[in-house]
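J.: This structure is in structure tokens; I'll ask about it shortly.
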Amino acid sequence: MAEGLLPAIAYLRPKTINMNRLDQLFAEKQSNLLNIYFTAGYPALEDTTTIIAALAKAGVDLIEIGMPYSDPMADGPTIQESGMQALKNGMTLETLFGQVADVRAQTDVPLVLMGYFNQVMQYGEQAFVDRCVAVGIDGVILPDLPIFEYETFYRQMFEDAGLHVSFLITPQTSEDRIRKIDDLTRGFIYMVSDSSITGAKSGISDRQLAYFNRINAMQLEHPRLIGFGISNHETYAIACRYAQGAIIGSAFIKALAETTDLEGTIAEFVQMVRGEVAV
Amino acid sequence: MIAVNDKGYYGEFGGAYIPEMLHPNVEELQRCYLEISEDQEFQKEFRGLLKDYVGRPSPLYLAERLSEHYGMTIYLKREDLNHTGAHKINNTIGQILMAKRLGKTRIIAETGAGQHGVATATVCALMGIECIVYMGAIDIERQAPNVSRMRMLGAEVRPALSGSQTLKDATNEAIRDWISNPVDTHYIIGSVVGPHPYPDMVARFQSVISEEMKWQLEEHTGSSHPSGIIACVGGGSNAAGAYYHYLNDPEVRLVAVEAAGHGIDSGHSAATSVLGTKGIIHGSRTLLMQTPDGQIVEPYSISAGLDYPGIGPLHAHLIDSGRAEAISITDEAALKAAFFLARKEGIIPALETAHAFAALDHLEYNADDVFIVCLSGRGDKDLSTYIKHFDQLG
Ligand SMILES: Cc1ncc(COP(=O)(O)O)c(C=O)c1O
């Protein structure tokens with residue numbers, strides 16, 4: 001293990017010519033990272049670019065863009081419903097890539113795509129990777145792509161392109177497997193806060209804190225972002241105490257659902273999470 | 001050899017495309033399912049319950065009037081005579097014993113027609129284990145008698161309100177429940193679908209169907225080998241059980257019958273082997289109905305048990321490799337076949353099963369052929385649908 005090495009140095013791979021924006025971010029900042037998830041094409045098809053620009057302006061550290069999917073088995077009702085709406089709005093992967101290409105002209109914030117592996121398969125795995133890199137996507141999260149299949153069939157393809165893949169760990173993931181995941185992951189590890197789908201519960205229990213402590217003590221190579229059930233300043237602050245940062249999804253989507261002023265709401269939401277006083 | 005490999009693949013189909021949250025449960029099953037199910041004590045208990053509780057062996061019945069009509073020899077494998085009225089209970093008996101040995105105290109299941117839900121509620125009552133069944137809101141309506149049966153058996157029926165509100169969505173909800181309850185819960189999947197080891201585990205529990213067929217046909221005809229076997233395919237569990245011991249016997253034709261709904265080209269169909277392409281559904285790489293963008297299409301069939309946009313990876317492999325032939329049957333043809341079987345043989349089949357009988361009209365065969373139709377279930381649950389079409393078909 002690369003124990004004791006700074007994370008930013010430890011996982012740099014010589015193959016990558018242009019430094020991946022995620023690597024750059026983690027080299028500069030190792031705490032209080034805020035990753036906001038939203039569903040592309042929601043509430044309206046064209047909102048994707050507005051939301052990315054507004055989140056970047058509000059100072060989030062990285063953005064996770066959900067590729068809407070008909071059968072998102074790891075997601076709760078909030079994200080599923082936003083995905084259904086986005087699909088009704090006419091969202092497709094190609095449209096999304098176009099939107100990302102547009103917004104890349106305005107911001108250098110790291111962008112991560114989150115979706116289900118069937119979407120990648122149908123687009124064509126290599127074509128997907130190439131298109132991600134071409135439009136300026138820095139990483140992907142594909143929760144139903146298991147590490148065995150990734151390692152056997154796809155690892156080379158993603159690593160050659162310098163497109164990072166984040167894997168998930170949960171309270172039930174064994175220590176050996178966490179080490180393996182740390183070895184395969186590029187960018188950050190997605191630390192699922194509890195045994196749950198997205199959007200579940202609020203508040204963080206002692207059992208979860210014990211899990212956070214246990215993982216912390218493992219001194220993993222990659223930064224960890226805690227997600228699922230992070231919804232406000234309080235839960236964000238706890239996550240940041242036990243990991244390099246946090247991921248917020250369902251709570252943000254709920255805020256988007258209730259507003260007519262996207263930019264204002266987004267600025268306020270980020271301030272609320274960071275614990276800065278809202279204007 | 002047609003068999004699953006140790007990573008859960010039949011050729012290029014299968015595997016376990018599951019989120020990390022499910023990994024410990026699925027990995028435990030992968031590690032233990034063969035050892036547990038091949039254990040002598042397990043087999044003794046499983047076989048004992050199949051005999052004394054389910055009522056196996058189910059008869060292999062020579063359908064003389066049907067044979068005469070079609071001009072060949074037709075046997076019916078009477079899974080409709082099992083306790084709870086379908087083949088589904090073979091699997092739930094096996095899985096409840098598996099769950100007990102894994103120390104699980106809570107059972108979840110998905111159901112379409114309600115037959116698997118009833119079979120799961122039944123074994124949970126038998127073992128005194130808590131049971132929650134997810135069922136699409138639309139299916140709850142069209143299969144009302146089975147909803148009442150599940151409730152009477154002590155199960156909680158939870159409506160799946162997302163997506164098309166049918167079997168695929170009930171499966172999504174069950175998977176989400178399992179993600180949220182990883183320690184105490186076992187998920188009893190109702191067909192040969194889902195991540196490895198489910199397709200193989202369920203096929204093995206259902207394989208008792210063809211195991212019996214072999215000696216029964218031998219008793220009837222002096223040969224254990226039919227010309228072919230016909231079964232309807234939703235996910236494919238009754239078909240997998242009926243094919244199982246003939247998979248590597250290329251002389252035996254395997255006929256998979258799917259639901260064409262309003263017709264293959266109508267946009268309202270569930271004929272996956274015709275309309276499907278390679279992709280991933282419910283943790284398995286298989287054939288499924290989807291858009292070019294990889295969104296899973298909402299299927300349609302009058303029969304809730306066939307109203308599923310995928311098929312199990314074994315069937316994808318059998319069809320892709322040409323080992324099995326697929327026939328698709330419309331709602332209307334299935335209804336007609338149900339009435340025909342009722343009048344010819346005095347047997348009211350489930351709507352799912354009626355599709356298998358309708359396939360006889362589309363099959364190529366010779367007069368000396370011997371076909372077995374897997375009579376997967378009885379029609380009590382579909383009576384209200386049949387009554388609706390009485391004037392037209394009765
Ligand atoms: C009587 C009957 N036959 C067939 C099926 C289809 O399932 P499978 O393809 O797994 O046999 C069902 C499903 O509910 C059923 O109830």
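J.: What residue, of A:GLU276, A:GLU263, A:GLU258, is at pLDDT 95 or above and out of contact with any Leu (no Cβ under 6 Å at 6 or more places or on another chain)? Lay out the reasoning, then the answer.
T.: Values: A:GLU276 fails: at pLDDT 95 or above; A:GLU258 fails: at pLDDT 95 or above.
Matching residue, one of A:GLU276, A:GLU263, A:GLU258: A:GLU263.
J.: With the structure loaded, tell me whether A:GLU276 is of a type in the set (Asp, Glu) and part of a loop (DSSP other than H, G, I, E, B) or whether it fails that test.
T.: On the way: of a type in the set (Asp, Glu): yes; part of a loop (DSSP other than H, G, I, E, B): yes.
Yes.
J.: Tally the residues that are free of Cβ contacts under 8 Å to residues at least 12 places away in the same chain and either among the aliphatic types (A, V, I, L, M) or in a loop (DSSP other than H, G, I, E, B) (or both), restricting the search to the range A:107-154.
T.: Here the count works out to 4.
J.: Would you call B:TYR33 in contact (Cβ under 8 Å) with a residue 40 or more places away in the chain, within 14 Å of chain A (Cβ to nearest Cβ) and over 24 Å from B:MET213 (Cα atoms)? I'd like the intermediate steps shown before the answer.
T.: On the way: in contact (Cβ under 8 Å) with a residue 40 or more places away in the chain: yes; within 14 Å of chain A (Cβ to nearest Cβ): no; over 24 Å from B:MET213 (Cα atoms): yes.
So B:TYR33 fails the test.
J.: Here is a follow-up. For the range A:206-230, name all the residues that are more than 14 Å from chain B (Cβ to nearest Cβ), assigned to a loop (DSSP other than H, G, I, E, B) and more than 17 Å from A:ASP176 (Cα to Cα).
T.: A:PRO223, A:ILE230
J.: Evaluate the range B:148-167: report whether one residue or more is closer than 21 Å to A:PRO72 by Cα and within 14 Å of the ligand (Cβ to nearest atom). Walk me through it before giving the result.
T.: The first filter runs over the range B:148-167 and keeps only residues closer than 21 Å to A:PRO72 by Cα, leaving B:158-167.
If we keep only those that are within 14 Å of the ligand (Cβ to nearest atom) as well, we get B:166-167.
Scanning the range B:148-167 turns up at least one residue that is closer than 21 Å to A:PRO72 by Cα and within 14 Å of the ligand (Cβ to nearest atom).
J.: Scan the range B:378-389 and tell me whether some residue there is within 13 Å of the ligand (Cβ to nearest atom) and at pLDDT 95 or above.
T.: yes
J.: So which residues in the range B:353-370 are away from the ligand (no atom under 14 Å from the Cβ) and either of a type in the set (S, T, N, Q) or under 17 Å from the mean Cα position of the chain (by Cα) (or both), if there are any at all?
T.: We begin by selecting, within the range B:353-370, every residue away from the ligand (no atom under 14 Å from the Cβ); these are B:360-370.
If the condition is that a residue be away from the ligand (no atom under 14 Å from the Cβ) and either of a type in the set (S, T, N, Q) or under 17 Å from the mean Cα position of the chain (by Cα) (or both), then B:ASN366 is the only one that fits.
J.: While we're looking at this one, here's another question. Taking the range B:307-329 on its own, how many of its residues are under 12 Å from B:ASP361 (Cα atoms) and more than 15 Å from the ligand (Cβ to nearest atom)?
T.: Taking the range B:307-329 as the starting set, the residues that turn out to be under 12 Å from B:ASP361 (Cα atoms) are B:327-329.
Narrowing further to those that are more than 15 Å from the ligand (Cβ to nearest atom): none.
Result for the range B:307-329: 0.
J.: Residues to consider are B:GLU68, B:GLU28; find the one that is at negative phi and either free of Cβ contacts under 8 Å to residues at least 60 places away in the same chain or within 16 Å of the ligand (Cβ to nearest atom) (or both).
T.: Residue meeting the stated conditions: B:GLU68.
J.: For the range B:358-378, what are the residues that are out of contact with any Asp or Glu (no Cβ under 6 Å at 6 or more places or on another chain) and either without any contact (Cβ under 8 Å) to a residue 60 or more places away in the chain or hydroxyl-bearing (Ser, Thr, Tyr) (or both)?
T.: Quick first cut of the range B:358-378, residues out of contact with any Asp or Glu (no Cβ under 6 Å at 6 or more places or on another chain) only: B:358-374.
Within the range B:358-378, B:ASP361, B:HIS362, B:GLU364, B:TYR365 meet the criteria.
J.: Let me spell it out: the conditions are (1) away from the ligand (no atom under 11 Å from the Cβ); (2) touching a strand residue (DSSP E or B) at 6+ places or on another chain (Cβ under 7 Å), and B:GLY117 meets all of them except one. Which number is the exception?
T.: That leaves (1) as the condition not met.
J.: So for the range B:273-295 (the condition being within 20 Å of the chain's Cα centre (by Cα) and of a type in the set (Lys, Arg)), does at least one residue qualify? Walk me through it before giving the result.
T.: We begin by selecting, within the range B:273-295, every residue within 20 Å of the chain's Cα centre (by Cα); these are B:273-276, B:280-289.
So of that shortlist, the ones also of a type in the set (Lys, Arg) come out as B:285.
The answer is yes; a qualifying residue exists.
J.: Let me confirm something: among B:PRO145, B:PRO195, which residue is surrounded by 19 or more Cβ atoms within 10 Å (Cβ to Cβ), in contact with a helix residue (DSSP H, G or I) (Cβ under 6 Å, 6 or more places away or on another chain), touching a residue at least 24 places away in the same chain (Cβ under 8 Å) and on the phi < 0 side of the Ramachandran plot? Spell out the reasoning first.
T.: Details: B:PRO145 fails: surrounded by 19 or more Cβ atoms within 10 Å (Cβ to Cβ).
The conditions single out B:PRO195.
J.: Scan the range B:124-147 for residues that are away from the ligand (no atom under 16 Å from the Cβ) and modelled with pLDDT of 95 or more and jot them down.
T.: B:CYS124, B:ALA125, B:LEU126, B:MET127, B:GLY128, B:ILE129, B:GLU130, B:CYS131, B:ILE132
J.: Select the strands (runs of 3 or more DSSP E) contained entirely in the range B:246-312, then report the ones holding at least 3 residues which are within 14 Å of chain A (Cβ to nearest Cβ) and either in contact with a helix residue (DSSP H, G or I) (Cβ under 6 Å, 6 or more places away or on another chain) or under 19 Å from B:GLY322 (Cα atoms) (or both).
T.: Details: elements: B:253-261, B:277-281, B:284-288.
The qualifying strands (runs of 3 or more DSSP E) are B:277-281, B:284-288.
J.: Scan the range A:167-192 for residues that are more than 11 Å from every other protein chain (Cβ to nearest Cβ) and within 17 Å of the chain's Cα centre (by Cα) and jot them down.
T.: Kept after step one, since they are more than 11 Å from every other protein chain (Cβ to nearest Cβ), are these residues of the range A:167-192: A:175-176, A:179-180, A:182-188.
Across the range A:167-192, the qualifying residues are A:ASP182, A:LEU184, A:THR185, A:ARG186, A:GLY187, A:PHE188.
J.: For the range B:14-21, indicate whether the set of residues that are under 21 Å from B:GLY241 (Cα atoms) and in contact with a helix residue (DSSP H, G or I) (Cβ under 7 Å, 6 or more places away or on another chain) is non-empty.
T.: Quick first cut of the range B:14-21, residues under 21 Å from B:GLY241 (Cα atoms) only: B:14-15.
The next check asks that each one be in contact with a helix residue (DSSP H, G or I) (Cβ under 7 Å, 6 or more places away or on another chain); those that pass are B:14-15.
The answer is yes, given that some residue of the range B:14-21 is under 21 Å from B:GLY241 (Cα atoms) and in contact with a helix residue (DSSP H, G or I) (Cβ under 7 Å, 6 or more places away or on another chain).
J.: Checking the condition crowded, with 24+ Cβ neighbours inside 10 Å, closer than 23 Å to A:TYR69 by Cα, away from the ligand (no atom under 14 Å from the Cβ) and not acidic (Asp, Glu), which residue from B:ILE189, B:ILE175 passes?
T.: Values: B:ILE189 fails: away from the ligand (no atom under 14 Å from the Cβ).
On inspection, the qualifying residue turns out to be B:ILE175.
J.: Residues in the range B:87-114 that are within 14 Å of chain A (Cβ to nearest Cβ) and within 16 Å of the ligand (Cβ to nearest atom): how many?
T.: Residues meeting the conditions: 1.
J.: May I pose another question? Being farther than 19 Å from B:LEU81 by Cα and either within 14 Å of chain A (Cβ to nearest Cβ) or within 13 Å of the ligand (Cβ to nearest atom) (or both) is the filter here, so list the residues in the range B:330-352 that pass it.
T.: B:ALA334 - this is the single residue of the range B:330-352 that is farther than 19 Å from B:LEU81 by Cα and either within 14 Å of chain A (Cβ to nearest Cβ) or within 13 Å of the ligand (Cβ to nearest atom) (or both).
J.: Just give me the residues in the range A:24-62 being hydroxyl-bearing (Ser, Thr, Tyr) and not in a helix (DSSP H, G or I), in sequence order.
T.: Initial filter on the range A:24-62 (hydroxyl-bearing (Ser, Thr, Tyr)): A:31, A:37, A:39, A:42, A:48-50.
Of everything in the range A:24-62, those that are hydroxyl-bearing (Ser, Thr, Tyr) and not in a helix (DSSP H, G or I) turn out to be A:SER31, A:TYR37, A:THR39, A:TYR42.
J.: Working only within the range B:320-373, note down all residues that are of a type in the set (Ser, Thr, Tyr) and surrounded by fewer than 23 Cβ atoms within 10 Å (Cβ to Cβ).
T.: Looking only at the range B:320-373, we keep the residues that are of a type in the set (Ser, Thr, Tyr), and these are B:321, B:328, B:330, B:353, B:365.
Listed by number, the residues that qualify are B:SER321, B:THR330, B:TYR365.
J.: In the list B:SER301, B:SER227, B:SER273, B:SER269, which residue meets the criterion of being polar (S, T, N, Q), surrounded by fewer than 24 Cβ atoms within 10 Å (Cβ to Cβ) and free of Cβ contacts under 8 Å to residues at least 60 places away in the same chain? Reasoning before the result, please.
T.: Numbers: B:SER301 fails: surrounded by fewer than 24 Cβ atoms within 10 Å (Cβ to Cβ); B:SER227 fails: free of Cβ contacts under 8 Å to residues at least 60 places away in the same chain; B:SER269 fails: surrounded by fewer than 24 Cβ atoms within 10 Å (Cβ to Cβ).
Unique residue meeting the criteria: B:SER273.
J.: Further question: Pick from B:GLY283, B:GLY234, B:GLY276, B:GLY294: which is farther than 30 Å from A:THR95 by Cα and either away from the ligand (no atom under 15 Å from the Cβ) or at pLDDT 95 or above (or both)?
T.: On the way: B:GLY283 fails: farther than 30 Å from A:THR95 by Cα; B:GLY276 fails: farther than 30 Å from A:THR95 by Cα; B:GLY294 fails: farther than 30 Å from A:THR95 by Cα.
Being farther than 30 Å from A:THR95 by Cα and either away from the ligand (no atom under 15 Å from the Cβ) or at pLDDT 95 or above (or both) holds for just one of B:GLY283, B:GLY234, B:GLY276, B:GLY294, which is B:GLY234.
J.: Right, something else. Which residues, counting only those in the range A:64-79, are more than 7 Å from chain B (Cβ to nearest Cβ), touching a residue at least 60 places away in the same chain (Cβ under 8 Å) and assigned to a loop (DSSP other than H, G, I, E, B)?
T.: Within the range A:64-79, A:ASP75, A:GLY76 meet the criteria.
J.: Now for a different question. Right, A:SER82: within 14 Å of another protein chain (Cβ to nearest Cβ), part of a helix (DSSP H, G or I) and either hydroxyl-bearing (Ser, Thr, Tyr) or over 11 Å from A:GLY115 (Cβ atoms) (or both) or not? Walk me through it before giving the result.
T.: Details: within 14 Å of another protein chain (Cβ to nearest Cβ): yes; part of a helix (DSSP H, G or I): yes; either hydroxyl-bearing (Ser, Thr, Tyr) or over 11 Å from A:GLY115 (Cβ atoms) (or both): yes.
Judged against the criteria, A:SER82 is a match.
J.: Let me ask you something else. Quick check on the range B:150-171: of everything there that is surrounded by fewer than 23 Cβ atoms within 10 Å (Cβ to Cβ) and either basic (Lys, Arg) or farther than 15 Å from B:GLY117 by Cα (or both), which residue is farthest from the other protein chains (Cβ to nearest Cβ)?
T.: To start, the set of residues in the range B:150-171 that are surrounded by fewer than 23 Cβ atoms within 10 Å (Cβ to Cβ) comprises B:151-154, B:156-159, B:161-165.
Then drop every residue that is not either basic (Lys, Arg) or farther than 15 Å from B:GLY117 by Cα (or both), which leaves B:151, B:158, B:161-165.
Numbers: B:ARG151: 24, B:ARG158: 13, B:LEU161: 9, B:SER162: 6, B:GLY163: 7, B:SER164: 9, B:GLN165: 12 Å.
Among those residues, the one meeting the criterion is B:ARG151.
The values are calculated or read from the model by the stated rules, or taken from the named source; none is laboratory data. The structure presented is a predicted model; accordingly, all values stated were derived computationally and were not measured. No Cβ is skipped: glycine too gets one built from the backbone with ideal geometry, and neighbour counts run over all protein chains shown.
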